[in-house]
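Okay, so here's the structure we're looking at.
The values are calculated or read from the model by the stated rules, or taken from the named source; none is laboratory data. Given the structure is predicted, the values throughout are model-derived calculations rather than measurements. Counting neighbours? That spans all protein chains shown, and the Cβs are built from the backbone with ideal geometry, glycine included. Surface accessibility is based on the protein's heavy atoms, side chains included, excluding ligands, DNA and RNA. Shrake-Rupley method; radii C 1.70, N 1.55, O 1.52, S 1.80 Å.
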Amino acid sequence: MGGKGYALWLFIIEILVHFSTSRSAKVPSIIVFGDSSVDSGNNNFIPTIARSNFEPYGRDFFNGNPTGRFSNGRIAPDFISEAFSIKQSVPAYLDPAYNISDFASGVCFASAGTGFDNATARVADVIPLWKEIEYYKEYQKKLRAHLGDEKANEIIREALYLVSIGTNDFLENYYTLPERRCEFPIVQQYEDFLLGLAESFFKEIYGLGARKISLTGLPPMGCLPLERATNILEYHNCVEEYNNLALEFNGKLGWLVTKLNKDLPGLQLVDANAYDIILQIVKHPSRFGFEVADTGCCGTGRFEMGFLCDPKFTCEDANKYVFWDAFHPSEKTSQIVSSHLIEKYLAKFR
């Protein structure tokens with residue numbers, strides 16, 4: 001082989017090696033921050049009433065196991081992890097059944113009931129967002145000790161971070177308790193306060209090495225069965241005030257995503273907005289194979305969640321229901337929403 005041919009051969013090998021390593025490094029792990037929409041069971045291990053590690057929760061999960069997910073089965077991060085060919089479920093960081101070798105390919109720091117606002121976490125004594133970050137720092141130390149700095153740093157850099165949070169700040173805090181309403185008499189003022197907290201959060205995890213981040217803000221909150229149940233004057237229709245608020249706040253989150261992508265070199269923050277797809281499912285359930293969209297599968301479907309979910313008064317087939325309980329989607333809904341988000345927003349990371 002001549003000198004030029006040998007050089008070309010080396011060049012091709014180098015390209016192939018680079019291509020294969022960049023492909024393998026695409027997304028080695030799913031790392032999750034947020035609330036009950038993405039909590040895979042951390043609240044089981046803290047003293048709070050915001051739990052779901054009992055029947056009928058988890059009845060359609062592997063082996064019918066109630067893991068602490070607020071669902072009859074799997075939730076969005078599980079489906080996203082599976083779609084990225086990583087693993088079928090993302091374990092909770094506080095679950096002693098798992099260790100750092102399990103967490104290397106996916107870990108959840110989320111806590112049901114939490115929000116951007118620390119005051120939201122205090123409502124049900126759950127893990128505040130700053131504490132989720134502290135657990136993440138602890139995880140990084142364990143990961144480096146387990147795999148060495150180079151491999152650990154690659155996982156931290158190439159992982160896909162899923163962030164789903166914000167609903168509790170409004171429904172469990174601002175509209176339920178007086179403290180924040182006194183401080184921020186106009187809800188838009190509270191939105192801007194949360195936006196500042198969100199910006200600080202993203203800058204902090206960016207500083208810790210996160211680069212590929214998906215943010216899912218508010219769903220059409222007014223269409224949650226719990227909110228519809230109390231909307232008596234409008235015949236239990238969706239509460240438009242809450243839906244409009246969700247649209248407004250999501251718009252501000254979208255602005256923040258654009259700003260941070262400009263300000264922070266190498267950041268790939270995606271505004272994975274699930275509002276529209278969820279509203280489509282609620283408004284046109286039959287198109288997606290559902291029969292019931294205004295109540296949940298558990299109990300009457302209007303008020304029950306957590307400990308109020310009685311296995312004796314729960315529907316037979318959760319796949320017919322958009323919602324599992326009065327606040328959370330069924331496994332089937334989570335799967336549909338996840339597929340939509342992957343196709344529309346996250347495919348570029350695959």
With every protein chain left in place and a probe of 1.4 Å, what is the accessible surface of residue 239, to the nearest 10 Å²?
20
Non-local amide H neighbours of residue 94 (under 5 Å, H modeled in plane, Pro and chain starts lacking H): which ones?
none
Could you derive backbone 3J(HN,Hα) for the stretch 283-292 from the dihedral phi with the Karplus parameters 6.51, -1.76 and 1.60 (θ = phi - 60°), listing whole Hz in sequence and x where the residue is Gly or Pro?
6, 10, x, 5, 4, 9, x, 9, 10, 10
Only four residue types carry charge here, +1 at the Cβ of Lys and Arg and -1 at the Cβ of Asp and Glu. Report the dipole size of the chain about the Cα centre in Debye, rounded to the nearest 20.
1260
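Would you rank 324, 130 by solvent-accessible area, highest first, keeping every protein chain in place and using a 1.4 Å probe? If you can, show how the numbers build up before the last one.
On the way: 324 0, 130 135 Å².
From most exposed to least exposed: 130, 324.
Taking all protein chains as present, what is the carbon and sulfur share of the accessible area of the chain, in % to the nearest whole number, probe 1.4 Å?
On the way: 8590 of 15700 Å².
So the carbon and sulfur contribution to the accessible surface is 55 percent.
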Quick check: the angle from helix 331-341's long axis to the longest principal axis of the chain, C-alpha only, nearest 10 degrees?
50
Could you give the distance between the Cα centres of the stretch 193-246 and the stretch 317-350, to the whole Å?
16
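Roughly what % of DSSP beta bridges within the chain run antiparallel, to the nearest 5? Before the final figure, lay out the partial values.
Details: 2 of 22 bridges.
Counting DSSP beta bridges with both partners in the chain, the antiparallel share is about 10 percent.
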Heavy-atom accessible area of residue 204 with all protein chains present, probe 1.4 Å, nearest 10 Å²?
70
Among 242, 182, 58, pick out the residue whose Cα is farthest towards the positive end of the charge dipole of the chain, where Lys and Arg carry +1 and Asp and Glu carry -1 on C-beta, about the Cα centre.
58
Can you tell which of 272, 330, 104 lies farthest toward the positive end of the dipole of the chain, using +1 and -1 charges on the Cβ of basic and acidic side chains (Lys, Arg; Asp, Glu)?
104
In terms of solvent-accessible area of protein heavy atoms at a 1.4 angstrom probe, what is the ranking of 278, 155, highest value first?
278, 155
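Sort 81-90, 185-194 for me by packing, meaning the mean count of neighbouring Cβ atoms within 10 Å per residue, highest on top. Don't skip to the answer; put the middle values down first.
Numbers: 81-90: 18.2, 185-194: 15.6.
Most protected by this proxy first, the peptides run 81-90, 185-194.
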Alpha-carbon centroid distance for the pair the stretch 143-168 / the stretch 43-102, whole angstrom:
18
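Once you've got the Cα coordinates, tell me which of 252/283; 203/344; 283/344; 312/344 are over 30 Å apart. Can you show the working numbers first?
Numbers: 252/283 25 Å; 203/344 25 Å; 283/344 20 Å; 312/344 39 Å.
Pairs exceeding 30 Å: 312/344.
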With a 1.4 Å probe and all protein chains in place, put 313, 61 in order of accessible area, largest first.
313, 61
In the full protein assembly as shown, how much of residue 288 is accessible to a 1.4 Å probe, in Å² to the nearest 10?
60
